[in-house]
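Some notes on the structure that comes next.
The values are calculated or read from the model by the stated rules, or taken from the named source; none is laboratory data. Please read all numbers here as calculations on a predicted model, not as lab measurements. Using ideal geometry, Cβ is built from the backbone for each residue, glycine included, and neighbour counts are taken over all protein chains shown. Areas reflect the complete protein model, heavy atoms only, side chains present, ligands, DNA and RNA absent. Shrake-Rupley method; radii C 1.70, N 1.55, O 1.52, S 1.80 Å.
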Amino acid sequence: MNRTLISLVLVLLLLPACFGSGGETRGESQSGQEDRSGTNGETEIGLGIGGIGGVYFLAEPGQLTIDLEKRDRNRRGRRTKLRAILVGPDRRVIQEVTIPDDGKPRGSGMGPPRRVRLSTRVDRKGVYGLNITVSQDRYGDEIVWGFRTNCPHYLIETARGHRDERRQEPIVLLNPNRPGNVCFVPRKEAFGMEVTNLPAGVDALPVYDANGKLIHALRVGADHRASHTFPADVHREAIPWRLHLPVGQATVQIDGVTRWDRGDVYPNLPYWTPDPASFFPLQEYRWLLTPYSRIVYGPPGKQGEIAFQLHNNSVQRKTIQLGLEFPGDEWPVRLSAQRVVVSARQTGRVVVRYTVPAGGQTRVCHLRATPVEAPDFSTYSTLTVRAGVAPASKPLSIPLVLKPYEHENEQFGYLPDYPVKNQVYFDLKNRPFVRTGGGVETWRDGGWTTSELRTAVKSRTPPFEGRSFGVPCTKVAFDRDNDLYLVATSGRKGVLLHSADGGSTFSACLVPGDKSGRFDIEEFSGHNVPDGPPPILRYTLTATDSQLKWRRINDLELFLPEKADGRLSLGDPVLISRQCIGLAAHSGIPASVVSRGAKVHVVWAEATEPKADVPGVPTYVVTFDRKTRTLGKPALVGYGAPPNDVHNSPSITMDSRGFLHVLAGTHGRPFQYARSLKPNDAHSGWTKAVAVGEGLRQTYIGLVCGPDDTLYLAFRLWWHGADPFPASHHATLAYQRKPSGKPWETPKVLIVPPFSEYSVFYHRLTIDRAGRLFLSYDYWSTHWFYRTDHRGSRRALLMSADGGQTWKLAQTGDLSR
C-alpha cells in the first residue's frame with residue numbers, strides 16, 4: 001500500500017463498539033474519514049488518554065482497523081492538530097491522518113469528539129506502530145485521545161516530548177463516564193504506585209494479578225489520592241497486573257512503568273494497556289530485529305551483504321529463529337544462520353547475503369525473527385536491493401526534507417561504510433580521523449582501521465597501561481609536526497593523549513589538578529596550525545542557580561602543553577575566568593581557542609548577576625603569549641542573548657591573514673559577529689558586534705574559515721508558522737556564509753525535520769586541508785515515541801566541495817582520496 005495522506009471528510013461513520021478494552025466486533029468504513037458524532041452509544045470510544053505517544057500492535061494477517069478519536073480540552077487557547085502515522089513492522093509508512101482543532105474558544109471546556117479510521121491489509125505477522133503527536137502540544141496536555149481496534153494484541157506507549165529533567169510519563173485517564181484499567185508489568189523489586197486526580201466518590205482502587213487474584217486495594221484519601229508500596233517478588237509470576245479504576249479519571253504513576261531508577265530492567269519503556277487480554281511481551285523483545293529496513297544499490301550481479309542486529313532485551317538468554325520471506329518470486333539471497341542464541345541484555349547479528357538483480361530491477365525480501373521461547377511473538381525487517389547507483393552519491397536537492405521513518409537510507413540509499421560515530425577531522429596530509437568510544441578510526445592501507453586506546457596507549461606511567469579511557473571531548477587535533485592529540489579521561493582525571501605515528505600508538509600525560517570538568521582542545525578550523533601541542537581548556541563547574549535554570553558558573557583554565565624529545569608536559573594552568581558560563585558542545589561543537597605562532601587566543605562567555613541589566617552573556621577574548629608567558633587583558637567583543645544561559649557558547653576562528661573572527665553564542669536569537677582590528681591580536685580593538693541576520697532564531701555555533709577567508713556557519717534555526725508545519729513551530733539545520741569583506745548572506749536550510757515542535761541536530765561542522773566542508777549531524781526529536789523506536793544513532797555526514805553551493809552525503813571516496 002503506497003503512503004497516503006488522508007484528507008478529512010466531514011461525514012458520519014457508523015462505527016462498531018469495539019474499543020480497545022475488549023468486547024470487539026469488526027466493522028468496515030472508508031479509510032481516513034472523520035466522524036464528529038461521538039455521542040451515539042453505539043459508536044462511543046471508551047478510552048480517553050492524556051499525553052501523546054502511540055500504540056504497538058502485534059497484528060496477524062488480515063485486515064487491521066484502528067478508529068482514532070481526539071477531543072480538545074480548550075484550556076489555553078492553543079490550536080492543536082493531532083497527527084497519526086501508521087507504520088508496518090519495517091517502519092514503512094502505511095497511512096498518515098490528521099485531526100484538526102475543533103475551533104472552540106479558550107475556556108469553553110471539552111470539545112466534541114472527532115474521529116478518523118486507519119486501516120491496512122496485513123500480509124504477514126509483525127509489530128505495527130501508531131505514532132501520535134500534536135502540534136503546539138508536545139506534552140499532550142491540551143487534548144484527549146483514544147482508539148479502538150480489531151487487533152487482539154496491543155500496548156500503549158505514553159511518550160511525551162522531552163523535558164530537561166528526570167523523565168516521567170504519568171498515565172492520564174480522562175473519561176469519567178466509564179470505569180478504566182491500567183494493566184502493566186510490575187518491577188520485580190519493591191515499587192511505589194501513586195494515583196491522583198481521582199473524582200469524588202472513589203474509595204478504593206484494587207490491584208489484581210493476571211489470574212484475577214486481589215493483590216492489594218489502595219485506599220483513597222480525602223485529598224482524592226491513593227498510594228502504596230508493593231513488596232518485592234510477590235505475585236510476579238502472574239503478569240500483567242491490573243489496576244482497576246471504578247471511574248476512568250486519574251493520573252497514575254508506577255515505579256518501573258512511568259518513571260525509572262538506575263537498575264530498572266525496562267527503563268524508558270512506558271507500556272500499558274486497558275485490557276489484560278491485549279498484552280504481549282514487547283518489553284522483552286523490544287528492538288528484536290533492527291534495522292527495520294535497508295535499501296541497497298549496486299551494479300547488476302554484484303554480491304553483497306547486510307548485517308542485521310538481534311537484540312535480547314530480557315534478563316534471560318534467548319534463541320532467535322530466522323527465516324526469509326518473499327513478497328514475490330524468490331531471488332538469490334541467503335542467511336548466515338538460521339538460529340542465533342543471544343545472551344541476556346546483549347545483541348547478536350545475522351548477515352543477509354544477496355545478489356544485485358539485473359539493471360533497472362528491484363528485489364525485496366523480508367527477514368523474519370521469532371523467539372523460540374515465545375513463538376507467538378514474531379516480526380520482520382525488509383531488505384530492498386536495487387540495481388544502479390544510489391542517489392546518496394549525487395548532489396542533493398537542498399533542503400533535505402526528512403520524513404517520518406524515511407531518513408537518508410530510505411530516501412537516498414545512504415549506507416556509510418566509514419565511521420560516523422562523531423565528526424571527521426583531517427591531518428596535515430588530509431587523512432581522515434574520527435574519535436570513537438574506545439579510540440580513533442582512520443583510513444590506512446586502503447581501509448578503515450581502529451586504534452583502541454586500551455591497547456594503543458604505551459605510556460610509561462603504569463596506571464594507564466591496559467586501561468579504558470573516557471571521551472570528554474570528541475575533537476581530534478594536530479600540530480605542525482602532524483602529531484595527533486586527543487583529550488580523554490581516566491577515572492576522574494583528565495588525560496592528554498599524543499601520537500607521533502598517525503594514531504597507531506599513544507603516550508599519555510595527566511592533566512594537572514584534582515578537578516574534574518569539561519575540556520576543549522584547539523582543532524583545525526581553516527588557518528590555525530599550532531607549532532607545538534595544541535592548547536587545552538578546562539571548564540570546572542563551581543556553582544548553579546536554582547532560580548535560573550541555565551545559569552552556570554565555571555572556572556576556565558588554559559593549559560599549554562609542551563613537547564620535548566617526544567614527551568609531553570602540561571605545567572600549571574593559567575586561570576582565564578572564574579565566571580565562565582560554561583561550554584555547550586553537543587551541537588555546533590564551537591571552537592574556544594585558536595593560535596598562531598606564540599599567540600594563543602581564547603574566547604568565552606560569562607555569567608552575570610541575575611539582576612544585572614545586560615543584553616546577553618558578555619563574550620570576551622584574551623591572548624596568552626607563550627614567549628613572554630603573559631596573559632593580556634580580556635577584551636569584551638559582544639553579548640549573546642539571553643543572559644545567564646549556558647547554551648550561549650561563543651566560537652572563534654582566524655583567517656589566512658591572522659584576523660580573529662568571533663561569534664557570540666545565543667539561544668534562539670541572532671548570533672553577534674565581531675572581527676579583530678589587527679591580525680593575531682585580541683587587544684588592539686574589535687569591530688562593533690553586529691547580528692548575522694535580523695530576527696534569526698539561532699543556536700549552537702559551528703564556525704570554520706575557508707581558504708579564501710569565507711566564513712562558514714552551521715546552526716539550528718527556528719521557524720514559526722512556516723511550511724511544512726504552518727500550524728506550529730519547527731527547528732531546521734541551516735548554514736550561512738560571509739565572504740571576505742562582505743556581509744553575511746541569508747541563511748539556507750539544509751535539513752528539515754520530520755516532526756514539528758522541538759528538534760536538535762547534534763551538528764558538527766569541520767573543514768579539511770583542501771577547504772572542503774564536512775557537516776556531521778544526528779537528528780533528535782523531542783518525541784520519545786519516535787526516538788525510542790530507533791535503536792542507535794542516526795548520524796550522517798554531509799559534505800560540500802564548493803563552499804556550500806552544493807551538498808551531498810559523503811562516501812568513503814570523499815574522505816580517503
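Things to note:
- Qualifying residues in the stretch 558-598 (those that are of a type in the set (Lys, Arg) and modelled with pLDDT under 95) - the one surrounded by the fewest Cβ atoms within 10 Å (Cβ to Cβ): ARG567
- Residue within the stretch 257-272 that is open to solvent by 40 Å² or more (accessible area, probe 1.4 Å), out of contact with any helix residue (DSSP H, G or I) (no Cβ under 7 Å at 6 or more places or on another chain), at negative phi and basic (Lys, Arg) present: yes
- Every residue from the stretch 773-789 that is free of Cβ contacts under 8 Å to residues at least 60 places away in the same chain and either open to solvent by 10 Å² or more (accessible area, probe 1.4 Å) or farther than 22 Å from THR436 by Cα (or both): ASP778, TRP780, SER781, ARG787
- Members of the stretch 358-376 that are in a strand (DSSP E or B) and of a type in the set (A, V, I, L, M, F, W, C): VAL364, CYS365, LEU367, ALA369
- Filtering the stretch 545-562 to residues that are among the basic types (Lys, Arg) and over 17 Å from LYS515 (Cα atoms) leaves LYS549, ARG551.
Listed here are the residues, each with its yes/no results for (1) of a type outside the set (A, V, I, L, M); (2) at pLDDT below 95.
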{"position": "GLY41", "(1), (2)": "yes, yes"}
{"position": "ILE52", "(1), (2)": "no, no"}
{"position": "ALA59", "(1), (2)": "no, no"}
{"position": "LYS70", "(1), (2)": "yes, no"}
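- Filter pass, ARG794 being open to solvent by 10 Å² or more (accessible area, probe 1.4 Å), among the basic types (Lys, Arg), in contact with an Asp or Glu (Cβ under 8 Å, 6 or more places away or on another chain) and part of a loop (DSSP other than H, G, I, E, B): yes
- Test: THR619 is closer than 15 Å to GLY638 by Cα and surrounded by fewer than 22 Cβ atoms within 10 Å (Cβ to Cβ): no
- Of all residues in the stretch 95-106, none that is free of Cβ contacts under 8 Å to residues at least 60 places away in the same chain and closer than 16 Å to ARG76 by Cα has its Cβ atom under 6 Å from the Cβ atom of a residue that is open to solvent by 30 Å² or more (accessible area, probe 1.4 Å) and in a strand (DSSP E or B), 6 or more apart or on another chain.
- Residue that is nearest to ARG242 (Cα to Cα), among those in the stretch 189-219 that are open to solvent by less than 30 Å² (accessible area, probe 1.4 Å) and either assigned to a loop (DSSP other than H, G, I, E, B) or modelled with pLDDT under 95 (or both): ASP209
- Restricting the stretch 225-269 to residues that are among the charged types (D, E, K, R) and touching a Gly at 6+ places or on another chain (Cβ under 7 Å), the residue that is nearest to LEU173 (Cα to Cα): ASP255
- Odd one out for ARG78 among (1) part of a loop (DSSP other than H, G, I, E, B); (2) touching a Phe, Trp or Tyr at 6+ places or on another chain (Cβ under 9 Å); (3) open to solvent by 10 Å² or more (accessible area, probe 1.4 Å): (2)
- All positions within the stretch 415-437 that are of a type outside the set (S, T, N, Q) and under 21 Å from the mean Cα position of the chain (by Cα): LEU415, PRO416, TYR418, PRO419, VAL420, LYS421, VAL424, VAL434, ARG435, GLY437
- Criterion applied to HIS720, HIS730 was being open to solvent by 10 Å² or more (accessible area, probe 1.4 Å) and without any contact (Cβ under 8 Å) to a residue 40 or more places away in the chain, and the one residue passing it is HIS720.
- Of all residue pairs spaced 6 or more apart or on separate chains, those with beta-carbon atoms under 7 Å, a first member in the stretch 747-759 that is assigned to a strand (DSSP E or B) and a second member that is modelled with pLDDT of 95 or more and of a type in the set (Lys, Arg) are GLU757/ARG138.
- The number of residues in the stretch 296-323 that are under 26 Å from GLN411 (Cα atoms), surrounded by 17 or more Cβ atoms within 10 Å (Cβ to Cβ) and aliphatic (A, V, I, L, M) comes to 3.
- Candidates are the residues of the stretch 702-712 that are surrounded by 18 or more Cβ atoms within 10 Å (Cβ to Cβ) and farther than 15 Å from VAL749 by Cα; the one that is nearest to the chain's Cα centre (by Cα) is LEU703.
- Pick from the stretch 368-383, criterion crowded, with 17+ Cβ neighbours inside 10 Å and of a type in the set (Val, Ile, Thr), ranking: nearest to THR812 (Cα to Cα): THR382
- Looking across PRO267, PRO186, PRO281, one residue alone is free of Cβ contacts under 8 Å to residues at least 12 places away in the same chain, within 26 Å of PRO152 (Cα to Cα), not aromatic (Phe, Trp, Tyr) and not in a strand (DSSP E or B). It is PRO267.
- Elements of type strands (runs of 3 or more DSSP E) contained in the stretch 477-547, each with 2 or more residues being open to solvent by less than 10 Å² (accessible area, probe 1.4 Å): 484-490, 493-499, 518-521, 536-544
- Residue in the stretch 688-701 that is surrounded by fewer than 21 Cβ atoms within 10 Å (Cβ to Cβ), on the phi < 0 side of the Ramachandran plot, under 27 Å from the mean Cα position of the chain (by Cα) and in a strand (DSSP E or B) present: no
- Filtering the stretch 385-429 to residues that are of a type outside the set (A, V, I, L, M, F, W, C), open to solvent by 20 Å² or more (accessible area, probe 1.4 Å) and outside any loop (DSSP other than H, G, I, E, B) leaves ARG386, PRO391, SER393, LYS403, GLU406, GLU410, GLN411.
- ARG178 being over 30 Å from GLY212 (Cα atoms), among the charged types (D, E, K, R) and either in contact (Cβ under 8 Å) with a residue 60 or more places away in the chain or assigned to a strand (DSSP E or B) (or both): no
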